[in-house]
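Read through the structure below, which is laid out as structure tokens, and then see the notes.
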Amino acid sequence: MTSPFSKLGIIAPIEKALKTLNISDPTDIQKKAIPELLTNKKDVVALAKTGSGKTLAFGLPLLQLIDKTNPTIQAVILVPTRELGQQIHTNLESFAAQIPEIKIASICGGVPIKPQIQRLTEPTQIVVATPGRLIDLIKREAINIKHTNFLVLDEADEMVKSLGEGLDEIVKELPNYRRTILFSATMPGTIKQLIQNYMSKNVVQIEADMETIGHQGIAHEYVVVEPIEKLNVLMHFLNNRLGQRGIIFCKTKAAVNKLAKNLAINKFSSGSLHGSLSQPIRDRIMGQFREGHIDILVATDVAARGLDVKEISYVVNYHLPDVYETYVHRSGRTARAGLKGYALTILQQEEEFEIPEFEDELGIKFERYQKVNAQDLEENTTLLWAKKVFKTKPNRELSADLKEKVHTVFHHLTKEELIDKLIAFEHGK
Ligand code: ADP
Ligand code: MG
């Protein structure tokens, strides 16, 4: 029986690998992009929503189009962040699990360059790279991309925005006969320029479900708060979602640090991610988040693009993003692979006018999130306090003498009486 992927031209060993990943039916963008990339020779611009499976859509054709008996680099995939690079590298390795002759290297920044240089002396057909590290390797003449048949820009609009001239440095190393392939969920003006500058005239454009930019599976809500209650409103929200996974986006690294600290103090299972942390720390936090050891990731927009973590049930904008596209990418971390998702934006009165602007620009609708009343907020604070006490470890440095004295004070109280008194003491503060 011919399966849906083989009908698109996908070969048996890849299909077998997909089966072990529980992937059997191609998504719309995969149905459109895979045959186009496999059979035609043109440059391609592909647009499809966040979480719709774009990695497979360009990844599978690449695995089939490269000559695995040729040990030189034939495909370069450029991505905006190291985390996304690692993710795509892992994805490609898993799709190619049954074809050991295909060698894929990840050449992202933040890790020592020497092992990468060493790695590149061995056969490699595909590289997944962040631009800075790739340029560095080109300058050191440690990489040969002169025989590249395929240049893929994932998150193409972001690549153009952040790279600018840097892209020229890479492109001038590539042969003119290469195919250029752009994938993105959003395509603002800058990309049109990119198409003009780097792509052939008869480029093919593919779209899947792009009538509105916003992802249909996401419920968008917003809540207006006073600055002073912002953290409490967030913590009340988080307290109702304990055990679920989510990402909270902040505008700056400093804001990420501050919020992550507050969440840690209140014993939320959380970690932070931004560009000033060392790569081993970034890797550790991402690993813990992917594996479910921490529930909440507090991050800058370094986590907004492309990251695919299973079962992210909500995204919070603790600060509004500066550009409309970023809203799409942030909220697109939830509702992946056909699942439903939820995005909450917390803003102040003077920012509320921006909501209809986001609605108009993105073709999405926001509902108002019912802000809890003051009493509920206060009760939540007490609940958080109780959890904090519960999770506190005994202090072994306190003298036995002091402990003894404090014990004597409470000596005649039952546990219930003691708890009652503690609540009254804390709640009345
Ligand atoms: P995008 O790049 O469009 O945002 P990804 O390529 O990161 O999306 O894929 C999102 C998720 O969907 C991944 O977890 C991936 O494994 C899954 N996925 C992709 N294609 C399929 C498919 N055909 N069937 C089921 N799941 C899929
Ligand atoms: Mg992607």
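The values are calculated or read from the model by the stated rules, or taken from the named source; none is laboratory data. The structure displayed is predicted, hence computed values, not measured ones. Positions of Cβ are backbone-derived with ideal geometry, glycine not excepted, and every protein chain shown enters the neighbour counts.
Residues in segment 8-30 that are within 13 Å of ligand 1 (Cβ to nearest atom), free of Cβ contacts under 8 Å to residues at least 24 places away in the same chain and in a helix (DSSP H, G or I): E15, K19. Of all residues in segment 156-177, those being within 16 Å of F58 (Cβ to Cβ) and at pLDDT 95 or above number 0.
Looking only at residues in segment 368-410 that are loosely packed, with under 10 Cβ neighbours inside 10 Å and among the charged types (D, E, K, R), the one that is nearest to the chain's Cα centre (by Cα) is K391. Tallying residues that are of a type in the set (K, R) and near ligand 1 (Cβ under 9 Å from one of its atoms) within segment 32-73 yields 2. Taken as a whole, the structure places F150 among residues that are touching a residue at least 12 places away in the same chain (Cβ under 8 Å), over 18 Å from the mean Cα position of the chain (by Cα) and closer than 30 Å to H215 by Cα. Evaluation of E325 against the conditions (1) surrounded by fewer than 21 Cβ atoms within 10 Å (Cβ to Cβ); (2) at pLDDT below 95; (3) within 16 Å of ligand 1 (Cβ to nearest atom) shows that the sole unmet condition is (1). Does G306 meet the test of being away from ligand 2 (no atom under 16 Å from the Cβ) and outside the structural domain of T130 (by TED's automatic domain parsing)? It is false that G306 is away from ligand 2 (no atom under 16 Å from the Cβ) and outside the structural domain of T130 (by TED's automatic domain parsing). The set of residues from segment 10-52 being small (G, A, S), in contact with a Pro (Cβ under 8 Å, 6 or more places away or on another chain) and crowded, with 23+ Cβ neighbours inside 10 Å comprises just one member, A33. Among the residues of segment 89-104, which ones are within 16 Å of ligand 1 (Cβ to nearest atom), surrounded by fewer than 22 Cβ atoms within 10 Å (Cβ to Cβ) and of a type in the set (A, V, I, L, M, F, W, C)? Passing the criteria: only A97.
Residue selection: F5 satisfies the criterion of being within 11 Å of ligand 1 (Cβ to nearest atom), over 21 Å from L307 (Cα atoms), buried (at least 21 other Cβ atoms within 10 Å of the Cβ) and not hydroxyl-bearing (S, T, Y).
Residues in segment 79-116 that are of a type in the set (A, V, I, L, M, F, W, C) and under 14 Å from the mean Cα position of the chain (by Cα) were compared, and the one that is nearest to T130 (Cα to Cα) is V79. With respect to the conditions (1) closer than 30 Å to S24 by Cα; (2) in contact with a Phe, Trp or Tyr (Cβ under 9 Å, 6 or more places away or on another chain); (3) at pLDDT below 95; (4) not β-branched (V, I, T), G338 falls short on a single one, namely (2). I113 falls short on exactly one of the conditions (1) within 23 Å of L277 (Cα to Cα); (2) buried (at least 20 other Cβ atoms within 10 Å of the Cβ), and that condition is (2).
The single residue among L422, L413 that is in a helix (DSSP H, G or I), over 39 Å from the mean Cα position of the chain (by Cα) and farther than 18 Å from I247 by Cα turns out to be L422. Going through (1) modelled with pLDDT of 95 or more; (2) on the phi > 0 side of the Ramachandran plot one by one, K253 falls short only on (2). Kindly evaluate R245 against the criterion of being surrounded by 16 or more Cβ atoms within 10 Å (Cβ to Cβ) and within 22 Å of H319 (Cβ to Cβ). Yes; evaluated as a whole, the condition is true for this residue. Just for segment 297-311: of the residues that are farther than 21 Å from A255 by Cβ and under 8 Å from the mean Cα position of the chain (by Cα), which one is farthest from ligand 1 (Cβ to nearest atom)? Among them, the one singled out is V309. Listed by position, the strands (runs of 3 or more DSSP E) contained in segment 173-267 that have at least 2 residues being within 16 Å of ligand 1 (Cβ to nearest atom) are 179-184, 204-208, 245-249.
The condition of being surrounded by fewer than 20 Cβ atoms within 10 Å (Cβ to Cβ), free of Cβ contacts under 8 Å to residues at least 40 places away in the same chain and of a type in the set (A, V, I, L, M) holds for only one of V171, V203, that being V171. Has segment 328-341 got at least one residue that is more than 16 Å from ligand 2 (Cβ to nearest atom), hydroxyl-bearing (S, T, Y) and in the same structural domain as L231 (by TED's automatic domain parsing)? No: segment 328-341 contains no residue that is more than 16 Å from ligand 2 (Cβ to nearest atom), hydroxyl-bearing (S, T, Y) and in the same structural domain as L231 (by TED's automatic domain parsing).
Residues of segment 125-149 that are of a type in the set (S, T, N, Q) and crowded, with 20+ Cβ neighbours inside 10 Å: Q125, T130, T148.
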